[in-house]
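Report on the following structure.
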Amino acid sequence: MAIIKCPECGHQVSDKAKTCPSCGVEIAGKVMKCPECGEVVFNNQDLCPGCGHQLHPVVAGLNSAAQDGEARSSTPAGEPAGAPETPKSTKKSYTIFAVCFVIVLIAVFVGLYFYTGEQQRNELEAFENAVSSEEPAVLQTYLDMYKDAPAEHRDSVLACLDRLGKMDSEWNDALVNGTKTAFERYMRLHPESAHNVEAKIKIDSLDWLAAVQADTRDSYREYIDAHADGMYIDEARDKFDLMESKRVDDGDKASVSRLFTTFFNALAANDEAGLTASISPVMDDFLHKANATKSDVLSYMARLHEPEDINSMTFRPNGDWKIDKQETADGGREYGVSFTVDMKIDRTDADKETFCTYKVDAKVTSDGKIGVLNMKKIVQ
């Protein structure tokens with residue numbers, strides 16, 4: 001199949017098309033290319049209109065002598081050559097003419113019938129293509145090409161144009177509004193609109209922006225649930241996984257609370273075994289001393305209990321835990337912990353301090369021991 005120019009109107013058309021969609025002239029099997037200049041011409045033309053090349057071999061006509069002989073032989077013997085035809089010959093000529101006229105007339109009507117049918121089929125195909133395209137340009141082209149199309153077809157195409165025009169207007173309104181609600185409303189009103197792809201992209205971007213602004217585990221979880229194939233799904237999953245790894249659950253809180261409660265109970269009871277069991281062998285920082293050993297911690301406990309007027313003491317964490325969880329390189333977990341603890345002292349000298357509150361900043365190592373612990377007295 002090739003695209004050629006119609007020899008009649010010059011519009012482009014397939015050489016396999018039955019007729020030209022512009023002028024209706026027959027194409028398939030009715031055209032050829034001039035071997036001299038390549039111009040497309042009708043098969044029944046003798047000369048190329050472009051270059052004048054002879055397209056078909058010339059059939060030699062009867063010579064004039066033969067024609068004269070036939071003319072003479074048609075004249076009956078004994079009659080002058082120029083004698084008028086008899087009424088019988090005239091009647092026969094009229095009959096032949098009438099038959100030829102009827103044949104031509106039938107051929108014309110048959111041609112018109114098939115031409116009209118082809119035009120109707122072309123129009124119907126163009127109509128169906130136009131209304132299914134949902135493209136304003138295609139619809140308008142149909143109206144321009146088929147001005148004599150059935151009224152119901154033109155009315156349908158005009159209705160499509162009006163509907164698409166309204167959809168475009170409402171789409172522009174949604175763009176101006178720029179909210180997720182506006183785009184969702186447009187998609188709900190026009191589920192088949194070509195703008196819905198862009199609307200989904202707009203909603204995806206708006207939801208991602210909201211997730212980033214909130215920057216919480218739940219905000220990224222909501223984006224992932226709503227946009228499984230969204231443009232930012234990989235980044236959302238990475239952020240969610242990171243926050244999930246840092247999320248402190250009830251189990252984390254329980255283990256941290258238990259560790260520090262054990263430490264302060266041992267500290268209050270002057271329990272060396274209980275105290276050393278809850279701390280690392282070498283602490284990164286203890287009461288602002290770097291690389292503190294268990295001996296340093298035990299010395300601090302001894303100083304607390306040194307005054308002779310002290311009968312007993314208690315430490316009570318207030319439960320205001322602030323815990324940050326981090327994963328270590330080996331897959332373990334460390335905790336940064338801050339909280340307050342009340343210290344109550346039972347002593348014989350009532351003029352000395354019997355109650356105070358400390359702000360505690362600490363770190364729990366991946367093996368569940370206290371690796372850092374600093375305390376600052378809060379002025380009451």
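The values are calculated or read from the model by the stated rules, or taken from the named source; none is laboratory data. The model shown is predicted, which means the values in this text are computed figures rather than measured ones. Positions of Cβ are backbone-derived with ideal geometry, glycine not excepted, and every protein chain shown enters the neighbour counts. Heavy atoms of the whole protein, side chains included, go into the accessibility calculation; ligands, DNA and RNA do not. Shrake-Rupley method; radii C 1.70, N 1.55, O 1.52, S 1.80 Å.
What does region 128-184 give for Rg and for Dmax, in Å, if only its C-alpha atoms count?
14.4, 45
For every other residue with a beta carbon closer than 14 angstrom to the beta carbon of residue 279, add +1 if it is Lys or Arg and -1 if Asp or Glu, then tell me the sum.
It works out to a net charge of -2.
Of the peptides 222-235, 260-273, how do they stack up when ordered by the mean number of other Cβ atoms within 10 Å, highest first?
Taking the mean over residues of other Cβ atoms within 10 Å, the ranking is 260-273, 222-235.
Per residue, what volume in Å³ does the convex hull of the Cα atoms of region 243-340 enclose?
118
Rounded to whole Å and sorted largest first, what semi-axes of the equivalent ellipsoid does the C-alpha gyration tensor of region 210-276 yield via the square root of 5 times each eigenvalue?
Semi-axes (√(5λ), whole Å): 43, 9, 8.
Please compute the net charge surrounding residue 291, taking Lys and Arg as +1 and Asp and Glu as -1 over other residues with Cβ under 11 Å from its Cβ.
Around residue 291, the charge tally is -2.
Quick one: compute a quarter of the convex hull surface over the Cα atoms of region 152-197 and quote it in nm².
Mean projected area of the Cα convex hull: 3.2 nm².
For the chain, what is the calculated [θ] at 222 nm in deg cm²/dmol (nearest 500), taking -39500 (n - 2.57) for each run of four or more DSSP H residues and dividing by its residue count?
Per the formula, -16500 deg cm²/dmol.
How much of the pair distance distribution for region 152-261 lies past 21 Å, counting alpha-carbon pairs only, in percent?
Cα-Cα pairs of region 152-261 separated by over 21 Å account for 56 percent.
Where only protein heavy atoms count, and the probe is 1.4 Å, what is the accessible area per residue for the chain in Å²?
64
On the accessible surface of region 199-267, probed at 1.4 Å, how many percent belong to carbon and sulfur atoms?
It is 49 percent, rounded to a whole number.
For the chain, take the alpha-carbon Rg, divide it by the Kirkwood Rh, and send me Rg/Rh.
1.56
Work out, in µm²/s and without decimals, the Stokes-Einstein translational diffusion coefficient of region 303-348 at 4 °C, 1.567 mPa s, Rh from Kirkwood over C-alpha pairs.
96
Can you list the cysteines of the chain that have no other Cys Cβ under 4.7 Å away?
Cysteines of the chain left without a disulfide-compatible partner: 100, 160, 356.
Can you check what the net charge comes to around residue 363, using other residues whose Cβ is under 13 Å from the Cβ of residue 363 (Lys, Arg +1; Asp, Glu -1)?
-2
Top mean-square fluctuation among 35, 281, 57, Gaussian network model of the chain, C-alpha springs under 10 Å?
Evaluated over the chain, the most mobile residue of the options is 57.
Tell me, how many Å apart are the Cα centres for region 17-31 and for region 348-380?
Using only Cα atoms to place each centre, the spacing works out to 99 Å.
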